[in-house]
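Read the structure below first, then the notes.
The values are calculated or read from the model by the stated rules, or taken from the named source; none is laboratory data. Predicted model, so just to flag it, every value in this text is computed and none were measured. In this analysis, Cβ positions are derived from the backbone assuming ideal geometry, glycine residues included, and neighbour counts consider all displayed protein chains. Accessible surface areas use protein heavy atoms only, side chains included; no ligands, DNA or RNA. Shrake-Rupley method; radii C 1.70, N 1.55, O 1.52, S 1.80 Å.
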Amino acid sequence: MEIINEMRVMFLSKSENESFSRVAAASFISPLDPTVSELVEIKTAVSEAVSNAIIHGYDGTIGVVTLEMRILDTRTVEITVTDQGKGIPDIEKAKEPLFTTKPDEERAGMGFTVMETFMDSMEIDSAPDKGTRIMMKKSLTTDLT
Amino acid sequence: MDILFEETNQILTIFLSGELDHHNCIAAKDRIGLKLSMGSYHKILYHLEGLTFMDSSGIGLIANGCKIASVFDAKVYLYTENEKHLKIFTMSNMQELVTLISSRKELDAVWKSSMK
Ligand SMILES: Nc1ncnc2c1ncn2[C@@H]1O[C@H](COP(=O)(O)OP(=O)(O)O)[C@@H](O)[C@H]1O
Ligand SMILES: [Mg+2]
């Protein structure tokens with residue numbers, strides 16, 4: 001796959017950076033002229049992954065969250081969100097709808113389900129005490145007009 | 001994010017506007033929780049048409065309100081025409097906790113009948 005464009009931003013695991021990450025993602029893909037629906041889906045998936053890194057990965061401590069994006073083969077968007085936080089012990093369990101380790105904080109356990117629904121694919125790479133990497137891809141529709 | 005409350009004879013409407021993510025969910029949860037625990041309502045309507053962004057944090061916010069409202073047996077409604085937001089709510093079976101309203105017509109119908 002040919003890399004058309006690439007970016008990486010790193011920021012502290014502060015919840016106010018959730019909105020920054022969405023804006024950065026939206027602005028990076030804007031040259032591709034995504035549909036409103038695609039743009040919302042990508043912003044939502046980024047928000048979920050970045051929130052998870054902040055809430056669960058670093059769990060109140062301060063660390064670095066990395067958001068990387070690539071545009072591949074003209075219209076495929078690849079998004080990677082990485083933290084060096086506490087990691088996920090059971091990935092299959094974490095992916096189940098409604099599963100959350102923070103029910104007391106009103107987490108709904110739907111983050112991974114939203115990412116999977118709004119993106120074409122999602123992969124989780126994680127190890128306890130090492131951190132977590134989420135990789136998502138979405139091919140944007142081609143405007144035929 | 002902005003929150004606006006409107007109440008008329010035990011019906012509380014909660015207007016949310018702007019962006020709802022985990023960050024501003026924390027403050028919103030407290031404000032709505034406080035409002036709900038100070039009153040006693042028959043009906044509660046979450047009016048979400050003003051939300052320009054929402055991720056799965058929205059589910060927890062609404063569910064938390066429902067939990068508080070269950071003390072005084074209020075019926076909870078949620079109005080949004082945003083397809084993505086509706087999808088997030090239905091994916092999490094929100095329709096088991098609240099009545100989802102997805103059009104202006106439906107909203108008017110429900111509200112007219114409740115004003116009687
Ligand atoms: N970056 C991460 N680091 C550590 N644990 C994570 C991370 N992302 C997700 N998890 C775990 O997976 C669970 C499910 O995540 P998610 O579906 O987003 O639901 P929620 O965030 O509402 O708990 C979380 O409760 C948490 O235990
Ligand atoms: Mg989450």
Lys, Arg +1 and Asp, Glu -1 on Cβ, resulting dipole of the protein assembly as shown about Cα centre, debye, nearest 20: 680 debye
Accessible solvent surface per residue of region A:1-89, calculated while the other protein chains remain in place, 1.4 angstrom probe, Å²: 42 Å²
Using a Förster distance of 30 Å, the FRET efficiency for A:D125-A:V23 (Cβ separation, nearest 0.05): 0.70
Residue mean of other protein chain beta carbons inside 10 Å, B:1-8: 0
For A:E16, solvent-accessible area (1.4 Å; no DNA, RNA or ligand), Å²: 100 Å²
Spacing of the two label points (7 Å from each Cα toward its C-beta) at A:L98 and B:I68, in nm: 2.4 nm
Heavy-atom accessible area, 1.4 Å probe, ligands and nucleic acids excluded: residues of region B:21-56 down by at least 20 Å² from chain alone: B:D21, B:H22, B:H23, B:K29, B:F53, B:D55, B:S56
Ordering of A:111-124, B:26-39, B:63-76 by burial proxy (mean other Cβ atoms within 10 Å per residue, highest first): A:111-124, B:63-76, B:26-39
Average partner coverage of B:12-19, which counts Cβ from other chains inside 10 Å: 1
Rough spin-label spacing in nm, given labels placed 7 Å along Cα→Cβ, for A:T141 and A:I4: 1.7 nm
Residues B:K105 and B:H42, FRET efficiency given R0 of 25 Å [Cβ-Cβ distance, rounded to 0.05]: 0.65
Nitroxide proxy distance, nm - points 7 Å out along Cα→Cβ at A:V36 and B:I26: 3.2 nm
By accessible area with a 1.4 Å probe, ligands and nucleic acids excluded, highest first: order of B:D21, A:D125, A:D73: A:D125, A:D73, B:D21
Surface share of carbon and sulfur [accessible, 1.4 angstrom probe, percent] for chain A: 52 percent
Largest to smallest accessible area among A:R22, A:R107 [probe 1.4 Å]: A:R107, A:R22
Sequence-separation-based contact order of chain B, relative, with Cα cut under 8 Å and 6+ spacing, percent: 23 percent
Debye log10 I(q)/I(0) at q = 0.09, 0.14 Å⁻¹ for the protein assembly as shown, Cα point scatterers: -0.43, -0.95
Total accessible area lost when B and A pair, probe 1.4 Å, Å² to nearest 100: 1900 Å²
Carbon and sulfur %, accessible surface of region B:1-47 computed with the full protein complex present, 1.4 Å: 54 percent
Solvent-accessible area per residue for chain B (1.4 angstrom probe, square angstrom): 48 Å²
Area accessible to solvent at B:R104, 1.4 Å probe radius, in Å²: 130 Å²
B:S40 accessible area, assembled protein chains, probe 1.4 Å, Å²: 60 Å²
Proximal charge balance of B:E96 [Cβ under 15 Å; K/R count +1, D/E count -1]: +2
